[in-house]
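Here the structure is laid out as structure tokens; the discussion comes afterwards.
The values are calculated or read from the model by the stated rules, or taken from the named source; none is laboratory data. Keep in mind that what you see is a predicted model, and the values were worked out from it rather than measured. Here the Cβ positions follow ideal geometry from the backbone for every residue, glycine too, while neighbour counts run over all protein chains shown. Heads up: the accessible areas ignore ligands, DNA and RNA and are worked out on the full protein's heavy atoms, side chains in. Shrake-Rupley method; radii C 1.70, N 1.55, O 1.52, S 1.80 Å.
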Amino acid sequence: MFSRPLLRFVPNGTKINFMRGRFMGLATSAVLSIASVILFLHPGLTLGLDFRGGIVVEVRTQGPADFGQVRAALATQHVEAAGVQSFGAPDDVLIRLDAPPASSADHEARTQALVDSVRHAVATLPGAQVLRADAVGASVSAELFRDGMLALGISLLMILGYIWFRFEWEFAVSAVITLILDLTKTVGFLVITHFEFDLVMVAAILTILGYSTNDKVVVYDRVRENLRKYRTMPLAELIDLSINETLSRTLGTSTTVFLAALPLALFGASLSSFAWVMLFGIVVGTSSSIFIAAPILLLLGEKRLRRDSRPPR
Amino acid sequence: MMYYSRLKLASVLAVCFLGVLLCLPNALRQPAPTVPWRQIHLGLDLRGGSYLLMQVDMNSVTADRLRTLADGTRQALLGAGLGYRDVATDAHAGTVTFTPRSPSETEADLKALRAMPMAVPNEFAVAQRPDGSIAVTLSPEAMRLRATDAVTQSIEIVRRRIDATGAVDPEITRQGDDRIVVELPGISDPERVKHLLGTTAKMTFHMVQDSALGSAAPGPGVSLLPMMNAPDQKLPVADHVDVDGSDLTNASAAIDQQTGEWAVDFTFDSIGARAFAATTQANVGRRFAIVLDNKVVQAPVIRSAITGGNGQISGGFTAQSATDLALLLRAGALPAPLSVIEQRTIGPSLGADSIRAGMISLGVGFALVIVFMALFYGRFGWYANVALLANLVLMVAILSLFQATLTLPGMAGMLLTLGMAVDANILINERIREEIARGRTPLAAMQAGFERATSTILDSNATALLAHIMLFAFGTGPVQNFALTIMIGIVTTLFTTLLLSRMLMVRWYARTRPTVLPV
């Protein structure tokens, strides 16, 4: 353990024929992505407080939570909760309120005032304490949503531009198509798990995109190197070779990032759903480098890349 | 590539040592006040506290300016003995318009208005319109200036008010053009603060137009204002401000000797005292209204001229509301109403839970990666682990140096950085392994490994950096903190992998000259 490595992922010189299964890979990915898009349309994402607006109050009660009592206390303050539910521990209660309709004139002020009403209601419950109380007005949630989407969109464009600049357009386009496919699957995962989609999730998705791009760049880098090295090898064979050569690294890095994110998913309190999405994204991003990005590169570059390894630009 | 000068070695080690030093303030107590002591601040999510995002009502800034401009226009015309009718304001265009008494007076009107004092050069323009009316138009620059001033002033007032509540380490910052962020560590119920900040506390003294009492349309220059204690009752009050509440030097809550009720005593400064004396002297027998945020608190009859510069407001206050009003009057009025549009509060117990969760995750994640690297990469894996530890130290050091805030997402950012950081070592090791398999000598294999891996490492880190720059640019609060730690982490990763761990490998090679590499 202190000098020679004890374990290996894959032996030296693997020759797995990944490209033979390329249509299988693409088809699986397409099915999963289409399913995700359908899930996105219906039932759709569970929007978090950041994007939906409204009020969330987390309360820790003395002993196991009595939801009826909590509802009754809220009723005395004339607060109608959209949801009173448990989360995490049995003595923790989550109270969710929708924002007043944005059409009313003083909806912002009313949103903020509602928090105080909920606090007053909680104060009547013996031994209960407020863990967290958040209220986001309609104008802020709309802005946060817009900014989150802008961050996603611009990041994708910048990644496209960067890879285009460093490689050829075939690489950039196949990377971005793959990233979009990854993105749709992550959205599908969010819908299935009912994880709330908020700014933190946008951060998770952007981190996944960054990580996934990194993974693709490593494979592409090797493809580019081999294009120069083996001038007559057919592209399919060359891509297979490149994937095999980088396989050990791909698996190694995915594992370390996975291991780093795992404790966060298990113990990370409010970040645990963020971490689960990261873990999902790591698996998807790693497999898509091999089964999606490479086949698309093969389809796009079959004629062009092979004719001349450095086409005039 | 395979040689490191002593100087380079020394400087890399010096940076790591400096990193350790910079981390120390987070764990130790400051030995003496003269020792520079910079440490990481815990974010509200870890420490507990309140975050308030407030919106400055810019429409009211414009409306306020137009009201005083309209008032000034009337005064200027009356002062010059000129007549007017149909005074109107248009907030959207920023104009005050009126129709001259007769077209023959137009020239005199223009002259009188152009002589009005301006706060800034070219603050407004006076022009005759085709229909014969005259328009006084505020310049957009002047309005913008006023708006920025209003936000700057609001921040100052907010700071004074919050300081008066005794909050510890409050952070008040501007966000965008018209927003203010207030962060209050340790305050887990911001209700009172919200109330204090949500009150404009603009106090003015006006004359009551008794002649218009009871009429529904009080006429130009007079507004119907509700009574504070009885919103259904309305009193016709002149728009013209006789004395401004900003000319106060002191205010305090007190008990009224006669009634035994809570009241607020105040003292005018010399300007306020003079104006108050002049107004009361000229209007003995009439009623004046004390107006707070467009509500009449009180409208007493002036019995005699008040020259001492002292006054008292009473109007059904409680101990708390009298104390708060005195605090607000001392801190000064907000130039425009503020409203909370986002609030987030974390209780202290949740903060403690989050710190624990973050530390456990960080510790377990770090340990898992270290064990993995040791098992899969042997000696070179341990060098990577040394670099990983240095990476963690340097991240903490940089955050401490800038006294940055650390949130739970920030801790997640650190953890993911550690997971990604060993990628560079893995790339190098795998490359060396390949080169050895191709039959290269250890030296040639290591050289090739370093050379080939460098551009890949730079490429992959650049793309990660791009995504997080966007996140930082468009995110807010905790998400920005996540992006910031990852960006710092990318820089420290490049340093520790491209310099430190590589140097350890090279020095080991130079020392032992092995015939077989441990890959």
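Here is a list of conditions, (1) touching a residue at least 40 places away in the same chain (Cβ under 8 Å); (2) touching a Ser or Thr at 6+ places or on another chain (Cβ under 9 Å); (3) surrounded by fewer than 18 Cβ atoms within 10 Å (Cβ to Cβ), and B:THR249 meets all of them except one; can you say which number that is?
Here B:THR249 clears every test but (1).
Does B:LEU368 satisfy the condition of being open to solvent by 10 Å² or more (accessible area, probe 1.4 Å) and either facing another protein chain (nearest Cβ under 7 Å) or β-branched (Val, Ile, Thr) (or both)?
yes
Among the numbered criteria (1) assigned to a helix (DSSP H, G or I); (2) buried (at least 19 other Cβ atoms within 10 Å of the Cβ), which one does B:VAL264 miss?
If we test B:VAL264 against (1) assigned to a helix (DSSP H, G or I); (2) buried (at least 19 other Cβ atoms within 10 Å of the Cβ), just (1) comes out false.
Residue-by-condition table, conditions (1) in the same structural domain as A:GLY285 (by TED's automatic domain parsing); (2) at pLDDT 90 or above; (3) of a type in the set (Phe, Trp, Tyr):
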| site | (1), (2), (3) |
| --- | --- |
| A:ALA27 | yes, yes, no |
| A:LEU32 | yes, yes, no |
| A:VAL37 | yes, yes, no |
| A:VAL59 | no, yes, no |
| A:GLN62 | no, no, no |
| A:GLN69 | no, no, no |
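State whether one or more residues within the stretch A:183-197 are open to solvent by 10 Å² or more (accessible area, probe 1.4 Å) and assigned to a loop (DSSP other than H, G, I, E, B).
Yes, the stretch A:183-197 contains at least one residue that is open to solvent by 10 Å² or more (accessible area, probe 1.4 Å) and assigned to a loop (DSSP other than H, G, I, E, B).
Just the residues that are under 23 Å from A:ALA203 (Cβ atoms) and open to solvent by 10 Å² or more (accessible area, probe 1.4 Å), please, taken from the stretch B:418-428.
Across the stretch B:418-428, the qualifying residue is only B:MET420.
Quick one: which of B:THR280, B:THR259 is modelled with pLDDT under 90, part of a helix (DSSP H, G or I) and either within 14 Å of another protein chain (Cβ to nearest Cβ) or farther than 28 Å from B:VAL158 by Cβ (or both)?
After applying the criteria, what remains is B:THR280.
Yes or no, residue by residue, for (1) at negative phi; (2) surrounded by fewer than 23 Cβ atoms within 10 Å (Cβ to Cβ); (3) modelled with pLDDT of 90 or more:
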| residue | (1), (2), (3) |
| --- | --- |
| A:LEU206 | yes, no, no |
| A:TYR211 | yes, no, no |
| A:VAL217 | yes, no, no |
| A:ASN226 | yes, yes, yes |
| A:LEU241 | yes, yes, yes |
| A:ASN244 | yes, yes, yes |
| A:THR256 | yes, no, yes |
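Among the candidates B:ARG431, B:ARG440, single out the residue that is over 32 Å from the mean Cα position of the chain (by Cα) and surrounded by fewer than 18 Cβ atoms within 10 Å (Cβ to Cβ).
Going through B:ARG431, B:ARG440 in turn, just one is over 32 Å from the mean Cα position of the chain (by Cα) and surrounded by fewer than 18 Cβ atoms within 10 Å (Cβ to Cβ): B:ARG440.
Taking B:GLN312 and the conditions (1) touching a Ser or Thr at 6+ places or on another chain (Cβ under 9 Å); (2) more than 14 Å from chain A (Cβ to nearest Cβ), which numbered condition does it fall short on, given that it satisfies the others?
Every condition holds for B:GLN312 apart from (1).
Would you mind finding the one in B:LEU213, B:LEU225, B:LEU235 that is open to solvent by 30 Å² or more (accessible area, probe 1.4 Å), in the same structural domain as B:ILE271 (by TED's automatic domain parsing) and either more than 23 Å from B:PHE98 (Cβ to Cβ) or hydroxyl-bearing (Ser, Thr, Tyr) (or both)?
After ruling out the rest, the residue left standing is B:LEU213.
Only one of these is within 30 Å of B:ALA251 (Cα to Cα) and within 14 Å of chain A (Cβ to nearest Cβ): B:SER321, B:SER339. Name it.
Criteria check complete, one pass: B:SER339.
Mind listing whichever residues of the stretch B:443-460 are surrounded by fewer than 17 Cβ atoms within 10 Å (Cβ to Cβ) and either facing chain A (nearest Cβ under 8 Å) or of a type in the set (Phe, Trp, Tyr) (or both)?
B:SER455
Of all the residues that make up the stretch B:318-345, how many are open to solvent by 30 Å² or more (accessible area, probe 1.4 Å) and out of contact with any Gly (no Cβ under 7 Å at 6 or more places or on another chain)?
Within the stretch B:318-345, residues that are open to solvent by 30 Å² or more (accessible area, probe 1.4 Å) and out of contact with any Gly (no Cβ under 7 Å at 6 or more places or on another chain) number 9.
Given the criteria among the hydrophobic types (A, V, I, L, M, F, W, C), in the same structural domain as A:SER33 (by TED's automatic domain parsing) and crowded, with 22+ Cβ neighbours inside 10 Å, does A:ALA172 qualify?
No: the conditions fail for A:ALA172.
With the structure loaded, tell me whether B:SER361 is facing another protein chain (nearest Cβ under 10 Å) and assigned to a helix (DSSP H, G or I) or whether it fails that test.
yes
Under the condition of being buried (at least 21 other Cβ atoms within 10 Å of the Cβ) and in a loop (DSSP other than H, G, I, E, B), which residue from the stretch B:41-80 is farthest from the other protein chains (Cβ to nearest Cβ)?
Here the answer is B:GLY43.
In the same structural domain as B:VAL369 (by TED's automatic domain parsing), modelled with pLDDT of 90 or more and either outside any helix (DSSP H, G or I) or over 20 Å from A:GLY281 (Cα atoms) (or both): does that describe B:MET414?
The answer is no for B:MET414.
Please determine whether any residue of the stretch A:167-179 is in a loop (DSSP other than H, G, I, E, B) and more than 12 Å from chain B (Cβ to nearest Cβ).
Yes, the stretch A:167-179 contains a residue that is in a loop (DSSP other than H, G, I, E, B) and more than 12 Å from chain B (Cβ to nearest Cβ).
Grab the helices (runs of 4 or more DSSP H) fully contained in the stretch A:217-313, keeping just those with 2 or more residues being touching a residue at least 12 places away in the same chain (Cβ under 8 Å) and among the aliphatic types (A, V, I, L, M).
Ranges flagged: A:235-267, A:272-288, A:294-301.
Kindly indicate whether any position in the stretch B:298-310 is farther than 21 Å from B:THR200 by Cβ, part of a strand (DSSP E or B) and open to solvent by 70 Å² or more (accessible area, probe 1.4 Å).
yes
Just to be sure I understand the filter: pairs with C-beta atoms under 6 Å, separated by 6 or more residues or on different chains, first member in the stretch B:419-437 and at the interface with chain A (Cβ under 7 Å from one of its Cβ atoms), second member of a type in the set (S, T, N, Q) and open to solvent by less than 20 Å² (accessible area, probe 1.4 Å). Which pairs pass?
Between residues of the stretch B:419-437 that are at the interface with chain A (Cβ under 7 Å from one of its Cβ atoms) and residues that are of a type in the set (S, T, N, Q) and open to solvent by less than 20 Å² (accessible area, probe 1.4 Å), the close pairs are B:GLY419/A:THR256; B:VAL422/A:THR256; B:ASP423/A:THR253; B:ILE426/A:THR253; B:LEU427/B:THR456; B:GLU430/A:SER248.
Output the qualifying pairs, or none if there are none: Cβ atoms under 8 angstrom, residues six or more apart or on different chains, first residue in the stretch A:194-207 and under 13 Å from A:LEU144 (Cα atoms), second residue among the β-branched types (Val, Ile, Thr) and open to solvent by less than 10 Å² (accessible area, probe 1.4 Å).
Final answer for the pair search is A:LEU199/B:VAL479; A:VAL200/B:VAL479; A:MET201/A:VAL277; A:VAL202/B:VAL479; A:ALA203/B:VAL479.
Does B:THR463 meet the test of being within 9 Å of another protein chain (Cβ to nearest Cβ), assigned to a helix (DSSP H, G or I), under 28 Å from A:THR246 (Cα atoms) and free of Cβ contacts under 8 Å to residues at least 60 places away in the same chain?
yes
Exactly one of these conditions fails for A:SER155: (1) facing another protein chain (nearest Cβ under 8 Å); (2) at pLDDT 90 or above. Give me its number.
(2)
Give all pairs with beta carbons closer than 7 Å in which a residue from the stretch B:142-169 that is of a type in the set (A, V, I, L, M) meets a residue that is exposed (fewer than 14 other Cβ atoms within 10 Å of the Cβ) and not in a helix (DSSP H, G or I); count only pairs at least 6 apart in sequence or on separate chains.
B:ALA142/B:VAL120; B:LEU145/B:VAL120
Would you point out the residue of the stretch A:114-141, among those that are part of a helix (DSSP H, G or I) and farther than 19 Å from B:HIS195 by Cβ, that is nearest to the other protein chains (Cβ to nearest Cβ)?
A:VAL140
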